[in-house]
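Colleague: Pasting a structure below so you can have a look.
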Amino acid sequence: MDRTTAIFVDGIGTAAATSGVLGQIQGRIFALLYLHSDPLPLEEIASELQQSKSNVSVNIRGLVEWHLVRRVSVPGSRKDHYAAATNFWRVMTEIMERRFRWTVRQVLATIAETERAATEDGGRRDAPGSEAAAFITTRVGVLKLYFIAVDGVIGSFTQGKPVDAETLQNVVPLGAARGRQRR
């Protein structure tokens, strides 16, 4: 691997490792493929990155799943070849929908369950009407408003709509969020 490619491959690998989405080897595989004009077979990817073919195979499956890499057939070859994605809008919308929006919705489900528990439990320190229950309800309410707004931003982003102050105000009245915080 030449110096220029090595710098790019190592840098993207490091960035991927901190992304929370991909591992370092996946970032390095993507970067290597991105700088090649022709699709590469597993053996060549493994050789260039000094990794085992099985390690590259396992990691490339994840990249294919994230739509960062696609399997390409090469005329005259029975081997699988791979090429990097170049449609970053599609890649980012996929990541936003599958990774971040799922997490946001998991938090919203947890908040809904917590709100139900705070209003239904009786005779405990967090019983409805108690000071602790009011505190919990207020805290999760503010968090809920924030995550509803984040969910709306992700939805706008993945639909190609602008995300600005007006979009946020349509999702969650910002005054309501501020008012709840003060309690």
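The values are calculated or read from the model by the stated rules, or taken from the named source; none is laboratory data. In this text, all values refer to a predicted model and were calculated from it rather than measured experimentally. When we count neighbours, we look across all protein chains shown, and the Cβ atoms used for this are built from the backbone with ideal geometry, even at glycine.
Colleague: Check VAL56, VAL9 and return the single one that is touching a helix residue (DSSP H, G or I) at 6+ places or on another chain (Cβ under 6 Å) and within 12 Å of TYR82 (Cβ to Cβ).
Modeller: One residue alone meets the criteria, VAL56.
Colleague: Answer with yes or no whether SER37 is within 22 Å of ARG78 (Cα to Cα), assigned by TED's automatic domain parsing to the domain that holds ARG71 and modelled with pLDDT under 95.
Modeller: yes
Colleague: Every residue in the range 10-50 that is in a helix (DSSP H, G or I) and either touching a Ser or Thr at 6+ places or on another chain (Cβ under 6 Å) or more than 25 Å from PHE100 (Cα to Cα) (or both), please.
Modeller: Scanning the range 10-50 gives ASP10, LEU32, LEU33, LEU42, GLU43, GLU44, ILE45, ALA46, SER47, GLU48, LEU49.
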